[in-house]
């Protein structure tokens, strides 16, 4: 069986891409050892590509009260709730690496309530899932419940905005039928040191 | 009763904003006659502001097989499905103006199936709502059903990507409890010329 | 494009209607300046027409602990939850007029949690929506939560019965594809006096 | 254990009721041998009582392309979908009697797809359930699917209007916690003649 | 109209069954006076038959803090939530007999919140329905809420495991379109002694 | 952080178990190299243990028109839909091994529509998910859609019965908070040979 294409849409060649986009992609390739398909598939539309990754970086690389692993937990939990194959697999790998934990991504993708995470992280994910799935029902009590675990108002923006950004990201991955790189499936699956 | 604030988060003063953001906001104000609250409330985080509006413009102002009114229909229909007060009111006003039609926004916000729009537009909105609400269930038949109305593959990306972007936008509006400007409620409610 | 008919079913002429129904309709026309389509479309079945408006009046015009504006809020909020185009538009107009407020109808139709209404009114609408959407799950705690805001047992009947009556009304409007009069869209959209 | 009251609200005494309502109730009692609790509990509000039963009779006793048993099937199927204890039990009894069939009420209350009814009746109930549960999604194809079984446009109004009226009725029964008479449970449970 | 078959699959003859299965079935027949169709229809696959009834007996006939009537309440309530015609009718009859109560089965099948049962039994059914419908969302608070009514940890296993077993059973009944015996509909419908 | 226990309930020691259960567990350990926690946690109740595994083996080890990998696909897809952490992880490992494919388990757990499987397998999983999530809505068309891919009636029983058995299994895993062995996470994640 021939595996499906990376995308339902044309995937540009690196040499045909605008310079800034090609540079970004090459930098990722150098760091990761391969080019995650989200870069190649979204490069079909350069302006949207630029905005997408600018938004991603603004949320995922800023100074924050959330660790990078916690931010990836939000991505994996909300992508799991949305059944988004690309995001579960790709961000699951990143979460394993950041958390130095081979188990947590599969746990959080399935059901954060059964994951080996702290009560504070469970509260964070409960809030993220409400933003992801029923944001119109957000009320003051939801904010208070997370703040009770020591999160600041800015942390709450981070949690909600990451959930919101991956609401977009999940839908784009489904729209183009984005295929995760095979490399992601095995990354970070080292035995956990106890 | 004191009306709620524009946002759950601090709203920066124009004079405290980075130059590029202030220029963008002043340009909008000059054109619209007022500053839509989405600009003031998201300016709390300049980097996210820049990415948000870059993404918005990339989708809503590009050349497309969809008219600007059709793109706003997608915004209003998906925001209606998500019960997003800000986006229904603000983009409902924009839709009335682009469509030169005082009725269509309220129709589409409530139920596109009963709206005075073409079968082609109903197919477009059915696809947009599937992306917005159940994108993991998208299958080839969904794409074929819309293409049968003469939409191109790139038009389908536009439809889906607008639905995806406002999935983000709706959640951000709910996260910050974004309040629509009073001006929006009445804009474009001129009698329709038959 | 020819606008859709008022109803999927035949709409009787005024002169063909039974005397009591014609009189009622003419009285409404004199007061409102036009004949709301719910009267013309339901007149297709005179006995059901009589029962429908007798029920409506029994609930909406009786002495009550709820103001007329509050009763219309219930109509608009539950019709919004049911995506009923006719009822949102027609009763939105009535709500704007009774409340002397140009904004509240669109707010409540979208999401009562973000509306400029009192906590007491939010509790009223939470109860109304539970009756409208999940009445089998009503338990004593739901009644207690509303009573805590000073509503009497009879007020609770009013809230629940209005939600129940418009559960019927929304379904009839969808069944016949009832079209709202254009007059409703603009009614009561005067600037709010603060 | 003391059984719950007939209603969460006061139940008037027959002698305290307006003459027309008492007459109606006594007529029912004479015919049925007991007074169904829906009469006693709704009599708490005479005007609503009159409108409720006028509406009921207009739908359930008019000349129609639907038999009386078919109309009760609609009541039982939609009340089953709404988990309405009173209506399932009371109208289940009436359905057994009209259909001269001891089994069909329990079948239809649980799942009409597994009931011993005709394909035409299954199409009727599929339409009724769509009106009951998702009327905003009604489209021309739904009407066509039922008409294909020989139902007229007026029959479709009957089906939809009965589903709509019992959407009201189910919610009122839940609001007042209406208790079915014990007589209903056993009525019509004669062995079916094969 | 010819009634549907007992099952979508072949129903073996008693004389063709393995000895242990025939013996079990004859024993049931002797006790009940008829052979419930679940025995005949599942006997199509002897190994699955044996495991199914071994599991059933392990849960329903063990020593337990739950009475046999309470265990049948769990079956009827969860089967009602799953709209399983066979299980509602067959286990409704068994519940009536064990509880010596002609009303409770129809009450619990429709809506346990309106049933004539104790608060302890309502808490038991709330837990059972969460296991049946949303087990991934079970959290410590759910266990605590039931324990507060005096149930032990082993009782909680019983409640949950019965709900889980009938999640299987309901799906098998739907898969084979299992038809309840007519005898079940009338069993146990004796007048309740007050 | 101390990892959660294997189960919310006591986990028996091997030496305290009945002989047949201990033998079964030791045989599994010899074959797999470790004892999957489902054996240890369910052994808390020996009779239920015996029935559970007898049922499992009757379905998963019988001669069938489905390969063992296909049967595990059903387990993983339905467990994914039910958010069951234990079953996704443990049966995902088994699926990888049977299918000799490092990717398919994560694909099917997330969204079978995007998995590298055949159209026949997608039809199989669509049927399995309907049994798992909405079995009361099964109609003849569902059976016909799968048969069109060459499945026999007995294959359909297999598909449906596996979905039904894991409806039970998922709920038991959630009830006891069953923890997957760490070994499962990495099993079968060898590079796929193309």
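The values are calculated or read from the model by the stated rules, or taken from the named source; none is laboratory data. Worth saying up front: this structure is predicted, and the values here are computed from it rather than measured. All Cβ positions, even for glycine, are placed from backbone atoms using ideal geometry, and neighbour counts span all protein chains on display.
At-a-glance table
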| read-out | value |
| --- | --- |
| Exclusive hit being within 14 Å of chain D (Cβ to nearest Cβ) and touching a helix residue (DSSP H, G or I) at 6+ places or on another chain (Cβ under 7 Å), set C:6, C:14, C:59 | C:59 |
| Among (1) crowded, with 24+ Cβ neighbours inside 10 Å; (2) more than 10 Å from every other protein chain (Cβ to nearest Cβ) - the single one residue E:96 does not satisfy | (2) |
| Selection from the range D:106-124 of residues that are within 18 Å of residue E:91 (Cα to Cα) and either in a helix (DSSP H, G or I) or within 14 Å of chain C (Cβ to nearest Cβ) (or both) | D:106, D:107, D:108, D:109, D:110, D:114 |
| So residue A:74, is it modelled with pLDDT of 95 or more and more than 18 Å from residue F:114 (Cα to Cα) | yes |
| Flag for residue D:186 being closer than 30 Å to residue E:7 by Cα and surrounded by 24 or more Cβ atoms within 10 Å (Cβ to Cβ) | no |
| Filter result for the condition that a residue is under 19 Å from residue A:65 (Cα atoms), surrounded by 16 or more Cβ atoms within 10 Å (Cβ to Cβ), at the interface with chain B (Cβ under 9 Å from one of its Cβ atoms) and in contact (Cβ under 8 Å) with a residue 24 or more places away in the chain, over A:167, A:128, A:173, A:163 | A:163 |
| Residue in the range E:23-32 that is within 13 Å of another protein chain (Cβ to nearest Cβ) and either at pLDDT below 95 or closer than 24 Å to residue F:59 by Cβ (or both) present | no |
| Residues of the range A:63-99 that turn out to be free of Cβ contacts under 8 Å to residues at least 40 places away in the same chain, farther than 14 Å from residue A:166 by Cβ and not in a helix (DSSP H, G or I), as a count | 2 |
| Conditions (1) in a loop (DSSP other than H, G, I, E, B); (2) surrounded by fewer than 19 Cβ atoms within 10 Å (Cβ to Cβ); number of the one not met by residue D:9 | (2) |
| Answer from E:51, E:69 - the residue that is closer than 16 Å to residue E:128 by Cα and surrounded by fewer than 24 Cβ atoms within 10 Å (Cβ to Cβ) | E:69 |
| Given (1) within 19 Å of the chain's Cα centre (by Cα); (2) free of Cβ contacts under 8 Å to residues at least 40 places away in the same chain, index of the condition residue C:188 fails | (2) |
| Test for residue F:174: is it modelled with pLDDT of 95 or more, part of a helix (DSSP H, G or I) and closer than 28 Å to residue F:35 by Cβ | yes |
| Pick from the range F:144-154, criterion more than 8 Å from every other protein chain (Cβ to nearest Cβ) and closer than 20 Å to residue E:7 by Cβ, ranking: farthest from the chain's Cα centre (by Cα) | F:144 |
| Qualifying position, being under 30 Å from residue B:175 (Cβ atoms), part of a helix (DSSP H, G or I) and at pLDDT 95 or above, among C:49, C:53, C:127 | C:127 |
| Members of the range E:101-116 found to be in contact (Cβ under 8 Å) with a residue 40 or more places away in the chain and more than 23 Å from residue E:171 (Cβ to Cβ), listed by number | E:101, E:102, E:103 |
| Matching residues in the range B:131-146 - criterion: being over 17 Å from residue A:169 (Cβ atoms) and touching a residue at least 12 places away in the same chain (Cβ under 8 Å) | B:142, B:143, B:145, B:146 |
| Residue check, residue C:146 assigned to a helix (DSSP H, G or I) and within 29 Å of residue E:125 (Cα to Cα) | yes |
| Failed item in (1) touching a helix residue (DSSP H, G or I) at 6+ places or on another chain (Cβ under 6 Å); (2) surrounded by fewer than 19 Cβ atoms within 10 Å (Cβ to Cβ), with residue F:103 passing the rest | (2) |
| Which listed residue, of D:148, D:109, is touching a helix residue (DSSP H, G or I) at 6+ places or on another chain (Cβ under 9 Å) and either surrounded by 24 or more Cβ atoms within 10 Å (Cβ to Cβ) or at pLDDT below 95 (or both) | D:109 |
